[in-house]
Amino acid sequence: MSGDPVSVDPDVLARARARVLGAPSIPVSAPVPAGLTAASDDERVWLLPAWPDGATPAVLEDYQTAPMPLDRPGMTRRVLAAALRCCWTRLDDAPWPGETATVAAVLEVYAGMTRGDAELARRWATGELRRLADTGWLLLDEEAGTLRPGPRVAMWADDSLASLRDLLRRLPQPEPLAEPEPEPPAEPEHLAEPEHLAEPEAEPLAEEAGAGE
Amino acid sequence: MIRFHLRALVAVPWFAVSATPEQESGDAPSLDDVLVGEAVLGVYRQMFAALARDGGAVVDDPELVDVAETLLAAFADAGEDGLGREQMRYVCRRYPAEVFENRLRVLKSLGAIREVFPKPNQLRYRASFTSVVGLMFVRRMMLDGGQSEMHRLLALEQLNVADPRMTPDQARAGAEGLARAFRLWSVELLTLTNGTIEELREQAPKLWGTEEILIRAERLHGAILRRWPQLDRTCTELRAAIYAYGDASRRAAARLSDSAGTTRNLTLLPPETWRTFARTATRDDLAAVLDGFVFDAAAPWHEPAAVVTAVEDGPRTTPPRPAPPRPSMPDHGLSDETGGDATALERLREIAEQVLRGRDRVAVEEVLDRDWVAGRRMLADLSSVHLHPELPYRLVWSDGLAVRPDGSPTWVSPGVFERTGP
């Protein structure tokens, strides 16, 4: 009863695979099976669930249905915010595919955001980074010590991102990467302006960042 | 025509009364069957509550009505001869014997089925015409509820009002009956509006066609009032009842659409209906609903708004404190000017030399002997010179007070401004 290979539609098989694996990736050249959303960078395509009518799992709250339980949702989301602060540098663009950042920079940003022992915070955050990578929210390369946004952030609706952009502008800045920045003129000018607008909140945070470093 | 309905109502109780049959057939009824049966029974109980002797006297199984209907149909086919007892039993062979016996006894005792001739040991029976009409009425009520019956009543009453044989008393009775019905209806809707939303959703059909009913009722009211102006008091009652009904149904509809807006659940079907669909649909029907969909493996979802909330609620390095007040003008921080400014020092020395004019000391009243506006400025400058640690001048005041009512400062203490050093 190992199954007749002829009778299985490859489309169905791919969908079943995607269902079991969560958010698997396939090469860009492979066909995307029907009924799935594809999030692609230049090399690979991640297969994600497609939801009707532009809904997201946030709609569960409207139906008073419990979402998937998380151990420490607050901490997980703060780590995600810290990671996005480092990887989503051009905030006017979409978060996906984002850019590569070092894990150390993310941990630094996270330690600057929270109170208490910075070393402990880094250790907690490392665990959360792994959990986020397991569920497709980050792409973590532990050997190289780098990470990128995961394919799931591609499913955020663009009109829900405004508050997140505002938040990320207020977060402490990561240390500049060792590699040269791709376009130095574009970045500072669009970062400088909103910070000037949000001056009362931005200033204490900037002080914290200075103290943390 | 209303009277016709009332007669029909009086004629029906034969099937509204029964003894309880213990009918435990092979397949156990499911919860859904019980619910459906309960709903049907609810209609019966409501309709005949006014006629039943006590609660237990109403049918407690919808099937009992089917027995009565089968019997009546058989009587209609049988013609003038009627049916014998065995024939009746044969017609109702689908039902258990004790159920049949029960129904027959109740129907006979209430006069829906009687002997062809009223004499003892009569074997042939006939059915009453009124009962069939009553049953038709009941079936219609079950099919589309009291709502459409209200439509019919309004239409019939409209015809009655146009009828030349109609008397004012009959019109008044009709209007009062309608007003009472509308009152009760609006009370029921109000209760629903204030009750749980699930119940309101279940009873939503009561809100259908409200506008049309209101229009018809107002037209009828106008017709009555035009033909019999002396009925204005009754018509006022009717009008108030109609408006109350309109308000109540609008409010219930508003609540319903409000809740539909928040839950995005625009289907007003009760859950039982969905469950019945799920049970009765074919496998293909069920599969078609999910055609083209793949269920994702369970994964946490982080909405952008949730990320923002988490960061803002998270522990902070410093306790949140109110922002310090800031000027609306650009602020360049502390001024670089400190007290040791050479120009200010020079200015003061110049003033002191001007006052002394080469002398070593000069009386203060002499210096102030001018108009007070200029004098007080001079006094302030002299005090600054006196207080400045680097300038070799001082002000020395002595006791005494010279009052000069006509002078520019009206009083002055004698004092000198003198040079202390080189």
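Structure notes:
- Accessible-area composition of region A:90-176, carbon plus sulfur, in percent [1.4 Å probe]: 48
- Distance (nanometres) between label positions extended 7 Å along Cα→Cβ at residue B:77 and residue B:395: 13.1
- Ranked by how many other beta carbons lie within 10 Å on average, peptides A:121-127, B:342-348 from highest: A:121-127, B:342-348
- Accessible area of region A:56-166 divided out per residue, in Å², using a probe of 1.4 angstrom: 47
- Residue (of A:147, A:75, A:49) at the positive-pole extreme of region A:30-181, dipole from beta-carbon charges: A:75
- Residue B:94 versus residue B:376: modelled label distance in nm, points set 7 Å from Cα along the beta carbon direction: 11.4
- Long-range HN-HN contacts of residue A:40 with modeled amide H, under 5 Å: A:46
- Loop-located trypsin sites (Lys or Arg not before Pro) in region A:1-93 (DSSP state not H, G, I, E or B) with no more than 16 neighbouring Cβ atoms inside 10 Å: A:90.
- Ranking by accessible area, most exposed first, for B:119, B:108 with a 1.4 Å probe: B:119, B:108
- Legend: calculated FRET efficiency, residue A:92 to residue A:9, from the Cβ-Cβ distance at R0 = 60 Å, rounded to 0.05, equals 0.90.
- Packing-based ranking of B:377-383, B:176-182 yields B:176-182, B:377-383, ordered from highest to lowest mean Cβ neighbour count within 10 Å.
- Exercise: per-residue mean of other protein chain Cβ atoms within 10 Å, A:48-58: 3
- For the pair A and B, total buried accessible area rounded to nearest 100 Å², probe 1.4 Å: 3400
- Averaged over peptide A:71-83, the number of partner chain Cβ atoms lying within 10 Å of each residue's Cβ comes to 5.
- Simple spin-label estimate for residue A:104 and residue B:124 in nanometres, 7 Å along Cα-Cβ: 11.2
- Efficiency of FRET from Cβ geometry, residue B:170 and residue B:285, R₀ 60 Å, rounded to 0.05: 0.65
- For residues of A:146-158, the mean tally of beta carbons on other chains within 10 Å: 1
- Placing unit charges on the Cβ atoms only, positive for Lys and Arg and negative for Asp and Glu, gives region B:113-227 a dipole magnitude near 700 debye about its Cα centre.
The values are calculated or read from the model by the stated rules, or taken from the named source; none is laboratory data. The structure displayed is predicted, hence computed values, not measured ones. All Cβ positions, glycine included, derive from the backbone under ideal geometry; neighbour counts span all protein chains shown. To get the accessible areas, we keep the full protein, side chains included, count just its heavy atoms, and leave off ligands, DNA and RNA. Shrake-Rupley method; radii C 1.70, N 1.55, O 1.52, S 1.80 Å.
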